[in-house]
Each structure stands twice: as C-alpha cells, then as structure tokens.
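So the structure is just underneath, and the comments pick up after that.
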Amino acid sequence: MALNIIWFVFFALALGIACVKAVFLGDTQVFSTLGKGIFEACKTTVTDVALPLAGVMIFFMGLLSIAEKAGIVRFLSKVLGPFFTRLFPEVPKDHPATGHMVMNFSANMLGLDNAATPFALKAMASLQELNPNKERASNAMIMFLVLHTSGLTLVPLSVIGYRMTMHSTQPAFIFIPCIIATVASTILSILLMMIVQRIRLDWVLILGLGGLMVFTGGLLLVVSNMSDTSKEVFSEVAGNLLLLVLIVTFLTCGLIKKVPLFDSFLEGAKEGWEVMVKILPYLVGMLVGVRVFRDCGALDYLEQGIGWVVAKCGLNTDFVPALPVALMRPFSGVASRGLMLNVMDHGNVDTFAGRLASIMQNSAETTFLIIAMYFGSVGIKKIRYAAWAGLVADLLGVVTAIFVAYIFFH
C-alpha cells in the first residue's frame, strides 16, 4: 500500500506543479519536459541500468552457484550465525540466507556495489523461502533492507574516483570521514530496528557491534597515518584486489570440492537472467516516477524550503548546496551521482559542499529502488513499514554525514 501511494504521489505532484507553472508562470514547456522525461527514463532504465546490471547479475549469480555447491555459503552461515540469528530471529541457525547476506554486506563494505546486488537478491530469495506470507514483507526482510540502506562502505572507491575525475587536489581526503559516517549510520540503523522489532540486546550483539567499531577504528588508525597519495592507492587497489581474491577463492574451493565449475556457473547465470527479467518492470515503473518528480522541480523546491527553515532558525547553511544529493539519494543512485558531480563542478570539488556531497553519496542508499528491486524480485506486494524505516536509515546517514563534515572540514 505504501509503495502504491508513493508512486502515485510522484505523478500527481508532478502534474500539480506543472499546472501551477503553466497557469501562473506561463511555463508551457514544463509539460514537454515531463513528457520527454518519461520516455527518456523508460529508455535509460533499460539501456543504462538494466542491461549493465544484467551482465553483473549473470556473472555473480553464476559464481554464487559455485560458492553454494562448494560449501562457502554454509561456512559463512555457521561462522556468523550467532550474531545474525540475534538480528534475524526468524532465520534458522546455519540457514543459507545468512551466508547470502554476509556476502552482500561484505561486497558493500568493500565498495563493490554492482557485485553486491546479486548477493542481495539471492539473500532476499532465501528469506522469502522462510516467509509464511509470500505477499507480505517479513521482519527479516525489512531488517535486511534497512541494513542495506544504511550504506555501510569501508572502501569508498567510486566516490574517490569521481573526485579524481573532477580534478580534486585531495581526492582521498574524504576517506576517513566517509568511513566514520557510514559505520555510525549503520550502527544507529541497527539500534533503530532492534527497537522497532523488539530485539533484545545481549552480549553477542554487543560483541558484534563492538567488533565492528573496533575494526573500523583500527582501519582508521592505519589510514590516518598514510599520505594522501597512499590513501588513493589503497582505495583504488583494495576493492579490486579483494574482488579478484573473492572470485579465485570461490573457484579454488569449487575445485577442491570437485564441483563442475563451468556447469555450475551456467546454472546460476541462467537464474541471474531470470531474476533480471522479473525485476525489470519494477525498475522501469519506479525510475520513471522518480524522473517526473525531479523534472517538475519538486526536488528543487524541497531544497529551497529546507534552506529557508535552516536560515530562519539561525543555523549555518553551508550544507544546503549539497542537499540535492541527499534528497535524491533514496530515489536514484544515478541521479544522486549526477547531482554530486554537479555540486563538485566549477571548481567546487574541494569546497565544504563538494566534500559533504561526496560523504552523503557514500552514507545512504537508493531506498525506493531497493524496495522495488528486492521485494519485486520475490513478489512482495505489502511492504509494511519498510519504506519509512529505509528513509529513516537514509536520514541517519545524511545527518551523520553533515555532522562529520562539520567536524573535519568546517
């Protein structure tokens, strides 16, 4: 129901704003802009989003098939089972869903966004097997979505790369702030969902969350002693190196377990294509809605309104120019990335707004796209409180990013 209302609001609000512009401002081109945007969004969703994602899906779902048959997924489930069974009490101990979720979170932590998506879809399919109501999102599904939305990324590879393309003199300067912001928002999101789902905090969860903070602190300590050049090299090499290590590990374990590697790969790859075909209608519908919401000017009005309120409260408004990234991030990763580049353009890449936009892009996720993709892949129609919970996780990431940016750069 919530997703139906949100989707309706995108189009209804666009039509309302367009009529006001045409009648009171004489802007008759707004209808043409919205019409062209609809057809362009239909096209780009398939050509720029779905097709590239399909290739990634096919490859990594094939690898995941090898990992399952080699026992890697089962091994991960056993190792991290105690922590995950507390966060996901609906998931039985040693269930494959735990291993799938672990691989998804691991890929996200390393900044491997595309590689993380197939693992996430596989995890959602495993959670759906345990779901007693196949059309209604379970608590475990919503917990998984919110943790994914919190955007835990310890190697902000793509953001640093974009800063380099914008000719930043210190592209890796946002490395440590990005890590602090994303870890803090993830921990806050976990605590929020524990309250909502009435999950009791015990020593296992305390050790798990404490371990995450210690690991992050150790990483920060190592990175803080690096030069800017070393940070850039570390960010560029670490993610891609670990990706190759992951692939070789899967294949090696498959050989040891005498798994028919290429046959197993083809089996999983076919499943990846089937999933891609299933989620394509959800992607088109959601991204077209996001496009008209942006093209009608609603996003700009929202930014201006927040800036006005902040100014009236007598607060510092230096963060307002970066707000478009935060406001668009829950709707579209491609659009928010474009807005981030727009903020950093014209020599602003190393300004406060340019650095904050980079941290914001790294500290939140595309909530509505994730809901459409992940829930759509398993036929979930009743998303319950997933939308607002995901948005709150995004908000926590944005607020944390602003707070950290003021500490480091202001």
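Every number here is computed from the coordinates shown, using simple stated rules; none is lab data. Worth saying up front: this structure is predicted, and the values here are computed from it rather than measured. Positions of Cβ are generated from backbone atoms using ideal geometry, with glycine treated the same way; all protein chains shown enter the neighbour counts.
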Added length on full extension, which subtracts the Cα-Cα distance from 0.36 nm per residue, Met213 to Leu15 | 66.6 nm
Qualifying aspartates and glutamates (Cα of each under 18 Å from Cα of Lys278; at least 8 residues distant if same chain) = Asp48, Glu129, Glu135, Glu267
Hey, rough spin-label estimate for Asp263 and Trp308, points 7 angstrom out along Cα→Cβ, what's it come to in nanometres?
-> 6.8 nm
Compute the Rg to Rh ratio over the range 251-390 from the alpha carbon atoms, using the Kirkwood formula for Rh, and round to two decimal places.
-> 1.14
Would you kindly state how much longer the chain becomes between Phe75 and Asp202 on full extension, computed as 0.36 nm times their sequence separation minus their alpha carbon distance, in nm to one decimal?
-> 43.4 nm
What distance in nm separates the simple spin-label points at Met194 and Lys93, each placed 7 Å from Cα in the Cβ direction?
-> 2.1 nm
For the range 355-410, Kirkwood radius (reciprocal of mean inverse C-alpha pair distance, Å) = 12.5 Å
Can you tell me the dipole magnitude for the chain around its Cα centre, using point charges on the Cβ only (Lys, Arg +1; Asp, Glu -1), in Debye to the nearest 20?
-> 920 debye
Sequence ranges 374-380, 118-124, 192-198, ranked by mean other-Cβ count within 10 angstrom, highest first = 118-124, 374-380, 192-198
15 Å Cα-Cα reach of Lys257 towards aspartates and glutamates, excluding residues that sit fewer than 8 places from it in its own chain | Glu68
Find how much the distance from Phe403 to Asn4 grows on full extension, using 0.36 nm per residue of separation minus their present alpha carbon separation; answer in nm with one decimal.
-> 140.3 nm
Along the principal axes of its C-alpha atoms, what lengths does the chain span, in descending order and rounded to whole Å?
-> 70, 49, 41
